[in-house]
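What follows is a short report on a single structure.
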Amino acid sequence: MNALIESIVLVGGGVLFSIAGLIVVRKTFRRQDFKKHHEIAGYLISVVGTLYSILLGLIVVNVQSKFDQSRTMAQCEASSCSDIAHLARGFGRDQAISVCNSVRWYYTVVQAEDWEKIALGTYVEASIPAYQGLWHAVVNLEPKTNRETTCFSSMIDSLKRLSDARRYRMSARKRGLSPIVWVVLCAGAVMIIMFTYFFRTESARTQTLLTVFVSLFVTLNLLLVWLFENPYRSELQIKRGAFYFKPSIFDYGDYKPPGLITPQDPMEAK
């Protein structure tokens, strides 16, 4: 289910529920039944509304922090792939090609399959063989010179960062909000909306409009929590910011230094 349909269901359903409840209450009770309770209801809704807004605000901050951390870790994973492929060029051609091919294999599978499965809530990782192959290709390198030893040490560090980012990506989707938290959030939203029924006005249109405003505010915040609970949803575009480039950038190729720019060619110098 995409974000648009989920938004319509959650927000639209919340608004329709609030309007239906208001209609039932106005037809069931008289204005005099509520007027004598306006004062005490006003104090209660201020207390309940404040407590609920604090709770909802903390939850929103929590899921937003999770999204920011997931984006950072995704960029770290993609950057580590690039670092490993570039450092591999400090070795001989055969060893460098082996590592670059392993990096491309891993990057391709993660880009094409892992992200789509995580976005759909599937926990099976298709990149496990590629991940194991990448580790195998790196740890089997045999540095012989000081340059190769330095590159090998840096590659191991990059591979560790990639592993940490990968583990975070695999576990972040599983660490959703507890069902108990969702029950509390939904129950609080229902109570806030029902509290607005106690303030009956002469104009049914005016009270309906005010109730819709409250319902929209509450349901939009719940929608925000629902969407950001899974930071790897395709609509949030974490993948676009990290795993965006074509896997061909990791091909070994034959690197040729660019020609020197001569000062006689100002257009080329620019």
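Laid out as a table, the results:
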| read-out | value |
| --- | --- |
| Qualifying residue in segment 218-231 (condition: more than 19 Å from the chain's Cα centre (by Cα) and either among the small types (G, A, S) or part of a helix (DSSP H, G or I) (or both)) | yes |
| Single residue of segment 54-86 satisfying the filter (surrounded by 15 or more Cβ atoms within 10 Å (Cβ to Cβ) and β-branched (V, I, T)) that is nearest to the chain's Cα centre (by Cα) | V63 |
| Entirely in segment 112-179, the helices (runs of 4 or more DSSP H) that have 2 or more residues that are modelled with pLDDT of 90 or more and surrounded by fewer than 14 Cβ atoms within 10 Å (Cβ to Cβ) | 128-139, 146-172 |
| Selection count where residues are assigned to a loop (DSSP other than H, G, I, E, B) and either surrounded by fewer than 19 Cβ atoms within 10 Å (Cβ to Cβ) or among the polar types (S, T, N, Q) (or both), scope segment 180-200 | 1 |
| Close pairs from segment 1-13: first under 13 Å from L222 (Cα atoms), partner at pLDDT 75 or above and among the polar types (S, T, N, Q), Cβ under 9 Å, at least 6 apart | L10/T219; V11/S215; V11/T219; G12/T219; G13/T219 |
| Criterion: among the small types (G, A, S) and in contact with an Asp or Glu (Cβ under 8 Å, 6 or more places away or on another chain) - qualifying residue of S203, S215, S154 | S154 |
| Selection status of V109, surrounded by 17 or more Cβ atoms within 10 Å (Cβ to Cβ), part of a helix (DSSP H, G or I) and free of Cβ contacts under 8 Å to residues at least 24 places away in the same chain | yes |
| Search result, residues across segment 25-45 that are within 16 Å of M191 (Cα to Cα) and modelled with pLDDT of 80 or more | V25 |
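The values are calculated or read from the model by the stated rules, or taken from the named source; none is laboratory data. None of the values given here were measured: they were computed from a predicted structure. We place every Cβ from the backbone using ideal geometry, glycine too, and count neighbours over all the protein chains shown.
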